1. Take Glu178 and tell me if it is of a type in the set (D, E, K, R) and over 14 Å from the mean Cα position of the chain (by Cα).
2. Among the residues of region 20-33, is there at least one that is more than 30 Å from Gln105 (Cα to Cα), at pLDDT 50 or above and outside any loop (DSSP other than H, G, I, E, B)?
3. Name the one entry in Arg88, Arg113 that is of a type in the set (Lys, Arg), without any contact (Cβ under 8 Å) to a residue 24 or more places away in the chain and in the same structural domain as Val204 (by TED's automatic domain parsing).
4. Scan region 139-146 and tell me whether some residue there is assigned to a strand (DSSP E or B) and touching a residue at least 24 places away in the same chain (Cβ under 8 Å).
5. Just a yes or no: is a residue in region 160-179 within 25 Å of Met53 (Cα to Cα) and free of Cβ contacts under 8 Å to residues at least 24 places away in the same chain?
6. Just to check your reading of the model, which residue among Leu183, Leu157 is touching a residue at least 12 places away in the same chain (Cβ under 8 Å), within 20 Å of Ala79 (Cβ to Cβ) and assigned by TED's automatic domain parsing to the domain that holds Glu63?
7. Suppose we keep only residues that are free of Cβ contacts under 8 Å to residues at least 40 places away in the same chain and of a type in the set (A, V, I, L, M) within region 117-134. Which one would you say is surrounded by the fewest Cβ atoms within 10 Å (Cβ to Cβ)?
8. Give the residues of region 142-175 that are of a type in the set (Val, Ile, Thr) and under 14 Å from the mean Cα position of the chain (by Cα), sorted by residue number.
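The values are calculated or read from the model by the stated rules, or taken from the named source; none is laboratory data. The model shown is predicted, which means the values in this text are computed figures rather than measured ones. Cβ sites come from the backbone with ideal geometry, for glycine too, and all protein chains shown count toward neighbours.
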Amino acid sequence: MAKRDARLGVTLDDAEAYKELGAEVHPNRPHGKDPHIHVGPVDHIPVRIEGAMTRYVFDVIREPRGAVFRGLLQALSPAATELLLVLRDGVGLSDAGRDLLSELQPYLVGRDRRSSWPGTALLSGEATVLRFIPTAPCLDALVAASDRLFGWQQPALPEDLALVRGDETAALASISHENDAYLELEQEEYASLIRSLPEIADMVRVRAAAP
(Lines give C-alpha, C1' and ligand atoms only; values in the text may rest on other atoms or scores of the structure.)
Protein backbone atom coordinates (compact mmCIF):
# COMPACT_ATOMS: atom_id res chain seq x y z
CA MET A 1 0.00 0.00 0.00
CA ALA A 2 2.77 2.43 0.89
CA LYS A 3 4.43 1.89 -2.51
CA ARG A 4 1.13 2.69 -4.23
CA ASP A 5 0.68 5.81 -2.11
CA ALA A 6 4.20 6.94 -2.98
CA ARG A 7 3.03 7.22 -6.58
CA LEU A 8 -0.20 9.12 -5.96
CA GLY A 9 0.06 10.56 -2.45
CA VAL A 10 -2.22 10.38 0.57
CA THR A 11 -4.71 12.72 2.22
CA LEU A 12 -3.99 14.43 5.51
CA ASP A 13 -6.36 11.96 7.21
CA ASP A 14 -4.41 9.07 5.69
CA ALA A 15 -1.19 10.67 6.87
CA GLU A 16 -2.55 10.74 10.42
CA ALA A 17 -3.38 7.03 10.14
CA TYR A 18 0.15 6.32 8.94
CA LYS A 19 1.55 8.29 11.89
CA GLU A 20 0.01 5.71 14.20
CA LEU A 21 2.32 3.21 12.47
CA GLY A 22 5.37 5.32 13.28
CA ALA A 23 5.46 7.57 10.20
CA GLU A 24 6.11 11.31 10.36
CA VAL A 25 4.76 14.24 8.40
CA HIS A 26 7.45 16.62 7.04
CA PRO A 27 5.69 19.59 5.42
CA ASN A 28 8.81 21.74 5.07
CA ARG A 29 11.61 19.37 4.09
CA PRO A 30 14.20 20.86 1.70
CA HIS A 31 13.64 17.98 -0.73
CA GLY A 32 10.38 19.56 -1.85
CA LYS A 33 7.89 22.24 -1.01
CA ASP A 34 4.97 19.83 -0.63
CA PRO A 35 4.15 17.94 2.58
CA HIS A 36 5.10 14.25 2.59
CA ILE A 37 5.56 11.32 4.93
CA HIS A 38 7.86 8.30 5.26
CA VAL A 39 6.64 4.74 5.82
CA GLY A 40 9.41 2.26 6.56
CA PRO A 41 11.61 1.92 3.46
CA VAL A 42 9.15 3.86 1.28
CA ASP A 43 10.36 7.45 1.20
CA HIS A 44 8.61 10.72 0.37
CA ILE A 45 4.93 9.85 0.06
CA PRO A 46 3.19 13.12 -0.95
CA VAL A 47 0.38 14.38 1.28
CA ARG A 48 -2.49 15.74 -0.77
CA ILE A 49 -4.47 18.72 0.54
CA GLU A 50 -8.18 18.01 0.36
CA GLY A 51 -9.96 20.22 -2.15
CA ALA A 52 -6.94 20.46 -4.45
CA MET A 53 -7.70 19.15 -7.92
CA THR A 54 -4.31 17.76 -8.87
CA ARG A 55 -4.39 15.57 -11.94
CA TYR A 56 -1.80 12.93 -12.69
CA VAL A 57 -0.58 11.69 -16.05
CA PHE A 58 -0.63 7.91 -16.46
CA ASP A 59 1.26 6.54 -19.47
CA VAL A 60 -0.34 3.53 -21.12
CA ILE A 61 2.35 0.84 -21.14
CA ARG A 62 0.18 -2.01 -22.42
CA GLU A 63 -2.58 -1.60 -24.99
CA PRO A 64 -6.13 -2.01 -23.67
CA ARG A 65 -8.02 -4.43 -25.88
CA GLY A 66 -11.41 -6.12 -25.97
CA ALA A 67 -13.45 -5.89 -22.78
CA VAL A 68 -10.78 -3.76 -21.08
CA PHE A 69 -10.86 -1.20 -23.90
CA ARG A 70 -14.65 -1.08 -23.74
CA GLY A 71 -14.54 -0.77 -19.96
CA LEU A 72 -11.99 2.04 -20.16
CA LEU A 73 -14.19 4.08 -22.49
CA GLN A 74 -17.26 3.44 -20.36
CA ALA A 75 -15.46 4.36 -17.14
CA LEU A 76 -13.95 7.61 -18.46
CA SER A 77 -16.81 8.88 -20.62
CA PRO A 78 -18.87 10.34 -17.71
CA ALA A 79 -16.01 12.80 -17.05
CA ALA A 80 -15.84 13.79 -20.73
CA THR A 81 -17.99 16.21 -22.67
CA GLU A 82 -16.64 15.17 -26.06
CA LEU A 83 -14.97 12.28 -27.84
CA LEU A 84 -12.47 13.25 -30.55
CA LEU A 85 -11.39 11.49 -33.72
CA VAL A 86 -8.91 12.90 -36.23
CA LEU A 87 -8.75 12.79 -40.05
CA ARG A 88 -5.32 13.63 -41.44
CA ASP A 89 -5.05 15.22 -44.87
CA GLY A 90 -3.78 13.12 -47.75
CA VAL A 91 -4.13 9.74 -46.01
CA GLY A 92 -7.62 8.80 -47.10
CA LEU A 93 -10.22 6.72 -45.31
CA SER A 94 -11.45 3.19 -46.00
CA ASP A 95 -15.04 2.30 -46.79
CA ALA A 96 -15.35 0.86 -43.27
CA GLY A 97 -14.08 4.14 -41.84
CA ARG A 98 -16.59 6.14 -43.86
CA ASP A 99 -19.39 3.78 -42.82
CA LEU A 100 -18.43 4.31 -39.18
CA LEU A 101 -18.56 8.10 -39.54
CA SER A 102 -22.03 7.79 -41.07
CA GLU A 103 -23.10 5.69 -38.08
CA LEU A 104 -21.65 8.28 -35.70
CA GLN A 105 -23.32 11.23 -37.45
CA PRO A 106 -26.15 11.53 -34.87
CA TYR A 107 -23.55 12.18 -32.15
CA LEU A 108 -21.41 14.65 -34.13
CA VAL A 109 -21.32 18.12 -32.53
CA GLY A 110 -18.47 19.75 -34.40
CA ARG A 111 -15.82 19.48 -37.11
CA ASP A 112 -12.75 21.73 -36.74
CA ARG A 113 -9.54 22.36 -38.63
CA ARG A 114 -6.73 22.26 -36.07
CA SER A 115 -2.97 22.04 -35.88
CA SER A 116 -3.10 20.37 -32.46
CA TRP A 117 -5.23 18.00 -30.39
CA PRO A 118 -4.53 15.97 -27.24
CA GLY A 119 -1.12 14.35 -27.55
CA THR A 120 -0.21 15.87 -30.94
CA ALA A 121 0.93 19.23 -32.30
CA LEU A 122 1.65 19.45 -36.03
CA LEU A 123 4.74 21.36 -37.08
CA SER A 124 2.93 22.46 -40.23
CA GLY A 125 -0.54 22.12 -41.70
CA GLU A 126 -3.81 21.11 -40.10
CA ALA A 127 -6.09 18.10 -39.75
CA THR A 128 -9.82 17.68 -39.28
CA VAL A 129 -10.87 17.01 -35.68
CA LEU A 130 -14.31 15.47 -35.31
CA ARG A 131 -16.12 16.04 -32.00
CA PHE A 132 -18.80 13.64 -30.77
CA ILE A 133 -20.99 13.29 -27.68
CA PRO A 134 -19.70 10.11 -25.96
CA THR A 135 -23.06 8.41 -25.45
CA ALA A 136 -23.39 4.68 -24.87
CA PRO A 137 -24.50 4.01 -28.49
CA CYS A 138 -21.56 6.09 -29.73
CA LEU A 139 -19.12 4.03 -27.65
CA ASP A 140 -20.75 0.79 -28.81
CA ALA A 141 -20.21 1.79 -32.43
CA LEU A 142 -16.58 2.65 -31.75
CA VAL A 143 -15.80 -0.66 -30.04
CA ALA A 144 -17.56 -2.57 -32.82
CA ALA A 145 -15.28 -0.83 -35.35
CA SER A 146 -12.09 -1.54 -33.37
CA ASP A 147 -11.77 -3.00 -29.89
CA ARG A 148 -8.14 -1.82 -29.55
CA LEU A 149 -6.94 1.58 -28.38
CA PHE A 150 -4.20 1.64 -31.01
CA GLY A 151 -6.46 0.28 -33.75
CA TRP A 152 -7.51 3.84 -34.60
CA GLN A 153 -5.22 4.57 -37.55
CA GLN A 154 -5.86 5.81 -41.05
CA PRO A 155 -6.65 4.75 -43.65
CA ALA A 156 -8.60 1.97 -41.92
CA LEU A 157 -10.24 4.27 -39.36
CA PRO A 158 -9.99 7.84 -38.07
CA GLU A 159 -7.02 8.42 -35.76
CA ASP A 160 -6.13 9.45 -32.23
CA LEU A 161 -9.27 8.70 -30.23
CA ALA A 162 -9.55 10.98 -27.19
CA LEU A 163 -12.01 11.75 -24.40
CA VAL A 164 -11.97 15.44 -23.51
CA ARG A 165 -13.40 17.36 -20.56
CA GLY A 166 -15.20 20.67 -20.66
CA ASP A 167 -11.95 22.45 -19.76
CA GLU A 168 -10.38 20.87 -22.89
CA THR A 169 -8.04 18.60 -20.93
CA ALA A 170 -8.00 14.96 -21.97
CA ALA A 171 -9.08 12.18 -19.65
CA LEU A 172 -7.77 9.88 -22.41
CA ALA A 173 -5.44 10.83 -25.26
CA SER A 174 -3.87 8.58 -27.87
CA ILE A 175 -1.25 8.86 -30.61
CA SER A 176 -2.27 5.75 -32.45
CA HIS A 177 0.44 5.46 -35.08
CA GLU A 178 3.05 5.74 -32.29
CA ASN A 179 1.27 3.09 -30.16
CA ASP A 180 1.22 5.72 -27.43
CA ALA A 181 -1.49 6.96 -25.07
CA TYR A 182 -2.00 8.48 -21.65
CA LEU A 183 -4.68 9.19 -19.07
CA GLU A 184 -4.92 12.45 -17.13
CA LEU A 185 -6.86 11.81 -13.93
CA GLU A 186 -7.38 13.08 -10.41
CA GLN A 187 -6.56 10.53 -7.74
CA GLU A 188 -10.21 9.82 -7.00
CA GLU A 189 -10.89 9.37 -10.73
CA TYR A 190 -8.02 6.88 -10.89
CA ALA A 191 -9.23 5.06 -7.79
CA SER A 192 -12.72 4.81 -9.26
CA LEU A 193 -11.30 3.51 -12.54
CA ILE A 194 -9.32 0.79 -10.75
CA ARG A 195 -12.37 -0.25 -8.74
CA SER A 196 -14.45 -0.67 -11.89
CA LEU A 197 -11.64 -2.01 -14.09
CA PRO A 198 -8.87 -3.60 -11.97
CA GLU A 199 -7.02 -4.87 -15.06
CA ILE A 200 -6.04 -1.34 -16.05
CA ALA A 201 -3.69 -1.02 -13.06
CA ASP A 202 -1.13 -3.20 -14.85
CA MET A 203 -1.53 -1.31 -18.12
CA VAL A 204 -0.64 2.20 -16.94
CA ARG A 205 2.23 3.83 -15.06
CA VAL A 206 2.06 7.18 -13.31
CA ARG A 207 4.39 9.73 -14.85
CA ALA A 208 3.86 12.99 -12.94
CA ALA A 209 1.35 15.57 -11.82
CA ALA A 210 -0.15 17.30 -14.84
CA PRO A 211 1.08 20.88 -15.37
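1. yes
2. no
3. Exactly one residue qualifies, and that residue is Arg113.
4. No, region 139-146 has no match at all.
5. Yes, region 160-179 has at least one match.
6. Exactly one residue qualifies, and that residue is Leu183.
7. Of everything passing the filter in region 117-134, Leu123 is surrounded by the fewest Cβ atoms within 10 Å (Cβ to Cβ).
8. Those that are of a type in the set (Val, Ile, Thr) and under 14 Å from the mean Cα position of the chain (by Cα): Val164, Thr169, Ile175.
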